[in-house]
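Contents: one structure, followed by commentary.
The values are calculated or read from the model by the stated rules, or taken from the named source; none is laboratory data. Every value quoted in this text rests on a predicted model; they were computed, and no experiment measured them. Here the Cβ positions follow ideal geometry from the backbone for every residue, glycine too, while neighbour counts run over all protein chains shown.
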Amino acid sequence: MKTVAIVGVGLIGGSFALALRAAGFAGKIIGVSSPDAVRAAIERGIIDEALPLADAAAQADLIYLARPIEGILSVLDDLDAYVKPGTLITDAGSTKEAICARATEKIHRARFVGGHPMAGKEARGAAEAEASLFRGRPYILTSPSAELEARIASFGARIVIMSAEQHDVLVAFTSHLPQLISTALAASIGTEPEAARVAGPAAMDLTRLAMSPYEIWRDIFATNATNIDAALSVFIAKLEHLRSALSNAQLEREFENAAAAARLLRNMENP
């Protein structure tokens, strides 16, 4: 692999490029993004040059799509006309069914593997990119690819292979539901004007995600609404059960079960 094109040189795309460099990639990295984004990426040494999509895709051996979901879908509509036969294409979209379906429909000359790094920050842009962003984090792929897996493993990420459908079900619980919970909690606390005066670490930790801009989440909600609705139903039922258990012994059992589930999450993160 000699040339990589990063389509969307922001936090994730920029971090992918930096991780490649840190793992020893010595080839050319081309950026496809807005003028401000590619300027910042060139200044930081994230990319070597900026080109339009058609020119970048014609050179690339690996194309990394790191735009928002609708942007990825739009690129997939046209990308097959530009790529070299056999080019490896992957993405970093937060939902997978819609993207993988579009790739199956539109990509014929290249190989497509859906991807989703479970990593990020509240801050955005190439200025926030880090080579270590994926280290120790799950990195989901929708099908095996020895070449891509080797690259991602070199970042220190934990590779998880599953179908696009299973991915969207699971991240509805582990990513999309937490965002909505944080949003609802912050909005609830906001109804009590004096609450900020006594808010401690618990309130700060649990409302951190509420600062995420809606534009990041709009496409996620649009492409995974059914699974998110199902996750919300489970969560609302749990809340109703906790409400009913406030004055009886069942509440202790719920705390114990939840603590065990929370420990399991942390054991998976640090095996």
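Within the bounds of the stretch 166-187, is there any residue that is touching an Asp or Glu at 6+ places or on another chain (Cβ under 7 Å) and aliphatic (A, V, I, L, M)?
no
Go through the residues of the stretch 143-155 one by one and say whether even a single one is within 30 Å of Phe112 (Cα to Cα), assigned by TED's automatic domain parsing to the domain that holds Trp217 and out of contact with any His (no Cβ under 7 Å at 6 or more places or on another chain).
No, the stretch 143-155 contains no residue that is within 30 Å of Phe112 (Cα to Cα), assigned by TED's automatic domain parsing to the domain that holds Trp217 and out of contact with any His (no Cβ under 7 Å at 6 or more places or on another chain).
Picking from Glu128, Glu149, Glu105, Glu97, which residue would you name as being under 18 Å from the mean Cα position of the chain (by Cα), farther than 28 Å from Pro213 by Cα and of a type outside the set (Val, Ile, Thr)?
Exactly one residue qualifies, and that residue is Glu149.
Quick test for you: out of Ile152, Ile140, pick the one residue that is in contact with a strand residue (DSSP E or B) (Cβ under 7 Å, 6 or more places away or on another chain), more than 17 Å from Val32 (Cβ to Cβ), outside any strand (DSSP E or B) and without any contact (Cβ under 8 Å) to a residue 60 or more places away in the chain.
Details: Ile140 fails: outside any strand (DSSP E or B).
One residue alone meets the criteria, Ile152.
Can you spot a residue in the stretch 234-253 that is surrounded by 12 or more Cβ atoms within 10 Å (Cβ to Cβ), modelled with pLDDT of 95 or more and closer than 25 Å to Arg135 by Cα?
No, there is no match, as no residue in the stretch 234-253 is surrounded by 12 or more Cβ atoms within 10 Å (Cβ to Cβ), modelled with pLDDT of 95 or more and closer than 25 Å to Arg135 by Cα.
Filtering the stretch 175-203 down to residues that are without any contact (Cβ under 8 Å) to a residue 24 or more places away in the chain and of a type in the set (S, T, N, Q), which residue is surrounded by the fewest Cβ atoms within 10 Å (Cβ to Cβ)?
My answer is Thr191.
Please go through the stretch 130-144 and give me each residue that is out of contact with any Pro (no Cβ under 7 Å at 6 or more places or on another chain) and either buried (at least 19 other Cβ atoms within 10 Å of the Cβ) or not small (Gly, Ala, Ser) (or both), ordered by number.
Selection gives Glu130, Ala131, Leu133, Arg135, Pro138, Ile140, Leu141, Thr142, Pro144.
Go over the candidates Thr174, Thr191, Thr183 one by one and state the one that is assigned to a loop (DSSP other than H, G, I, E, B) and either among the hydroxyl-bearing types (Ser, Thr, Tyr) or more than 26 Å from Cys100 (Cα to Cα) (or both).
From the options Thr174, Thr191, Thr183, the qualifying one is Thr191.
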